[in-house]
Amino acid sequence: MTSTRVIKVDYLARVEGEGALFVQYDDAGVHDVKLKIFEPPRFFEAFLRGRDYREAPDITARICGICPVAYQMSAIHAMENALGIEPTPELAALRRLLYCGEWIESHALHIFMLHAPDFLGYESAVAMARDHPGIVERGLELKKAGNAIVSLLGGREVHPINVRVGGFYRVPEARELQPLRQQLQRGRDAAIDTVRWVSTLPCPKFQRQQQHDYEFVALQHPDEYPMNRGRIVSTAGLDIAVWDYDVTFEEQHVQHTNALHSVIRQRGAYFVGPMARYNLNFDRLTALTRDMAADIGFPPFCRNPFQSIIVRSLEVLHAFDEALQLLDHYRKPDQPWTEETPAASTGYAATEAPRGLLYHRYSLDETGTITDAKIVPPTSQNQKTIEDDLRLMIPRYLSMAEEQLRSRCEQAIRNYDPCISCATHFLQLHLEKRS
Amino acid sequence: MTEVGMVETSGIEASTAIEPPPKLAVWKFTSCDGCQLSLLDCEDELLALAQKVDIAYFMEATSRQVAGPYDLSLVEGSITTPDEAERIQQVRRQSRTLVTIGACASAGGIQALRNFADVEEFTRLVYAHPEYISTLSTSTPISAHVPVDFELQGCPINKRQLLEVISAFLHRRQPQIPAHSVCIDCKLQGNVCVMVAHGTPCLGPVTHAGCGALCPGYHRGCYGCYGPKENANTAPLSHWWQTELGADRADLIAGFRNMNAAAPVFLRESLAVENGAATKANPVPEKSAPGPGQNPDAPLGKPGP
C-alpha cells in the first residue's frame, strides 16, 4: 500500500516572474505535474492593435526586463519583413553586437545568480559569495561587461532606447566603441574560467530514454551561430522558413496556466534555448568556443538538461569572442537607418532570445497601423517539455528525502531559465480567437 | 541535499551582537521584472549592499524567505488582480517604509492601456471565459490601494537613483531625486534640442528627469517613460506639437498613452485631446484621491460624456 505524495512549490524562487509547481506522485509513478504560471496577463497583443508599427519595439520590450533586446530585435525584423527592407551588413553587425551583450548579461545572471546556487546547495548568489567570493565576483564582472555593450549601443541596460525599425537612431563612431575592447577581453578570459568552473559542478545525471527523446528547435543560418536570422530547423528534420511558423506550430490552451503551451502540430512538445542552438549549430561556434568544449571534454551534442549551465557558459564565451570580432571589423554604417514606407502587409520574424526562439508576427494597414499581433516567447514553447522532464525524472529520485526532491524539481525547472513574465501575455489572444 | 548545511554555518559570522541589519524586501506585482533586475544590475554595489542590509525577501534572487516585518519594502508592478489587491495590503502592514519602483507600481504601467479599452467588449470577453474573471479590468498604481512613502518613477528606473533611495531610507532622510523635466537635463548635458532644431516631437518638457536625457542624446524625441514631472504643463506642449510640428490628435494621444498612460497628468491630457481639448469639462481625480472604500477596479480612463 503506497500513499500518494505531493510536491508543492507555491512560488518558485530564482526565476523571472511568478510560477508554481504541483506534482502528485507515489511509488507507482507520477500522476500529475503542473507548472502553473500565475503571473497576471498583461494583454500586449491587444493593446498593440491600433498602435503605429514604429512603436512595436519599445512597447514589446516591456514584456520582459531581462531580455528586452530580444523583443526589440524580433519586432524590428518582423516589421522590416512586412515592409520589404533588408538591414545593410553594417547595421546587421551592430545589431549582432547588441544581441551579444544581452546574451552575456542574461546568461551570466542565470548561471551565477539563479542556477549555480542549486548545484552547490545555496539559497542565493549572495549566500554563495560568503564561501566563494571570487566566483560570484566573476559572475558580476561578466554580467557588467554584457550590460556595458547594451548600454553603449542601446542607451541603457533595461529597455534600451536606440533601436528602431530600419536600424538605429544613432550609430557610434569607431572610437566610441574602443573603450569596450579591454572590458570584453577581460570578460572573454573570465568566460573561459567560467566554462572550466561550471564543468566541475556536481551535475545530476539525467537522460531521457530514446522513445522520449527531445526534439530540439532553433534557428540555423549558413554563415553564423543563430541570433537574428535563419530558418527554423529541428533535430527531427524540421526545416522551414519563419513565415511557416504558424502552420507548423500551434498553441494549446491548458487550464492550469496563464500561458499557452506551444507544440509542433501532430508531434507535440519541443525544446528551444541554448541547448537547442548548440546541438543544431555546434560547427558555427567560434573556434575558441569549440576548442574549450573539447578541452573540458564536453560533446557537441548534449541531452542532459542539467548540463544546460555548461552550454550557457559556452554561449557566453562565444558571445564575447564574437563581440570582439565585431569590434575589430566595425565600420560605421553610412546611414543610421534604412527608410521605409508603410504598406498594408504582414511580417514575420524569429530571433534567438537568450532563452530560445522568439516569434513575432504583425499585420499592418496601409498607414502602418498594427491590426494584428502575435508573439510566442521561448518559455511557453518549453513549458510542456519542462513538465515532461519532471514526469520522467521523479521516478528515478523517489529514494530522496522530500525536501531534496523538491529542490531537485526546482533545479530541473531552472534548467530552462524560464522567464515567466514573458510567457504570460497570451490570454487576450486566446480569448479573441474564441469570441 | 547534504550541502544545505553550508548555508547554516555561513550565517554564523553575524555574531557581532550589535543592532541587526535592516531588513529589505522586494515584492513583485504585475510587471516585466526589469525594475527589480536593476538591483541585480548594481554589479559593483550588490555584495556591499548585501552586507549592509538583510535581503529578507527577494524571490527573483533568493529562495530564502524571512518573515516580516520589514524595514524597507521595494514594490514593483501594478495591481491587476483581486489577489494582488489583497496582497498589497499585507505587504503594507508588514513594511515600515514602502517605496514603489517603476512606472507600473507608480502609475499603473503600460498594462494600464487596458483602462482605455471598451469595457463592454472587455466584459464580454471575460464572461466568455469565466475562469479568467480574476483579472481586473484596470491596472492601478500601488498608491490607489495603500499609502506609499516614496515613488521612484521610470520605465525602467535608474539603478543609481534606486541606490540613492535605498541609502536615503536606511539613513532616514529624504531621497535626493530631482523632480524637474528632461529638458533641464538636456541643457545640463549640452544636448541640441531635437524639437527646436530638428522638429522631432519630444515629451521632454513635461517628463520627469532621471534617465539622463537619453533619447535626445541619441537623436530621438523623449517618449515619456519616466512619467510626468512635478507640475507638468501639458496643454502648451500639445499645442506646440500640433501647430509647429504638424502632429495630429492621434499622435498626441499615442504619445501620452504609453508606459505612464494612467499617470493623472498624462491621463488628463490624453483625454482632453481625445475630447477636443475640453480639459476642464473632464476632471480626473488626482492619484492621491482614492481612499478606503473606493473601488480600485473602477475604470480610470473612461472618456467623459
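Peptide A:14-20 shows a mean partner chain C-beta count of 4 within 10 Å per residue C-beta.
Starting from the Cα-Cα distance between A:Arg49 and A:Gln178, subtract it from 0.36 nm times their residue separation and give me the gain in nm to one decimal.
Length difference between fully extended and current span is 42.3 nm.
In segment A:58-113, the C-alpha radius of gyration followed by the widest Cα-Cα span (Dmax) gives 12.8, 41 angstrom.
For the pair segment A:15-56 and segment B:133-170, the centres of their Cα atoms are 24 angstrom apart. Label sites at B:Arg173 and A:Asp334, each approximated as a point 7 angstrom past Cα along Cα to Cβ, lie 5.6 nm apart. From the Cα gyration tensor of chain A, with a ≥ b ≥ c the square roots of its eigenvalues, which class applies: rounded if a/c is under 1.5, or else prolate if a/b is larger than b/c, or else oblate? Oblate is the answer for chain A, as a/c is 1.5 or above yet b/c matches or exceeds a/b. Spacing of the modelled spin labels on B:Arg93 and A:Arg208, each 7 Å from Cα toward Cβ, amounts to 4.5 nm.
Averaging the sequence gap over all C-alpha pairs within less than 8 Å and six or more residues apart, then dividing by the number of residues, gives chain A a relative contact order of 26 percent. For the peptides B:69-75, B:49-55, residues were scored by their other Cβ atoms within 10 Å and the scores averaged per peptide; the highest-first order is B:69-75, B:49-55. Using the Cβ-Cβ distance between A:Val247 and B:His198 with R0 set to 60 Å, the FRET efficiency works out to roughly 0.85.
With a threshold of 23 Å on the Cα-Cα distance, the over-threshold entries among A:Lys144/A:Lys205; B:Lys187/B:Lys229; A:Lys36/A:Lys384; A:Lys8/A:Lys143; A:Lys144/A:Lys384; A:Lys144/B:Lys159 are A:Lys144/A:Lys205; A:Lys8/A:Lys143; A:Lys144/A:Lys384.
The largest-to-smallest principal axis extents of the Cα set in segment B:18-170 are 58, 28, 27 Å.
Show that you can apply the helix-only estimate: for chain A, add -39,500 (n - 2.57) for every DSSP H stretch of four or more residues, divide by all residues, and state [θ] at 222 nm to the nearest 500.
Result for chain A: -13500 deg cm²/dmol, rounded to the nearest 500.
Compute the Rg/Rh shape ratio of the protein assembly as shown: radius of gyration over Kirkwood radius, all on alpha-carbon atoms. Here Rg/Rh amounts to 0.94.
Roughly how crowded by other chains is peptide B:56-69, in terms of the mean Cβ count from those chains within 10 Å of each of its Cβ atoms?
For peptide B:56-69, the averaged partner shielding equals 5.
Of the three principal axes defined by the Cα atoms of segment A:137-265, the extents in descending order read 52, 45, 36 Å. Inter-chain neighbour count for A:126-135: the average number of beta-carbon atoms from partner chains within 10 Å of each residue's beta-carbon is 4.
Based on alpha carbons, the Rg and Dmax found for segment B:162-211 are 14.5, 45 Å. The GNM of chain A, with springs linking C-alpha atoms under 10 angstrom apart, assigns the highest mean-square fluctuation among A:His31, A:His360, A:His110 to A:His31.
Backbone geometry of segment B:27-41 corresponds, through the Karplus equation with coefficients 6.51, -1.76 and 1.60 at θ = phi - 60°, to 3J(HN,Hα) couplings of 10, 10, 10, 6, 5, 9, 6, x, 6, 5, 4, 4, 5, 6, 6 Hz, x marking Gly and Pro.
Computed from the Kirkwood radius of its Cα pairs, the Stokes-Einstein diffusion coefficient for segment B:182-274 at 4 °C and 1.567 mPa s stands at 100 µm²/s. Contact order, relative form, for segment A:171-293: 23 percent (alpha carbon pairs under 8 Å, 6 or more residues apart, mean separation divided by residue count).
A short reminder: the numbers here are calculations on the coordinates, not readings from a lab. Please read all numbers here as calculations on a predicted model, not as lab measurements. We place every Cβ from the backbone using ideal geometry, glycine too, and count neighbours over all the protein chains shown.
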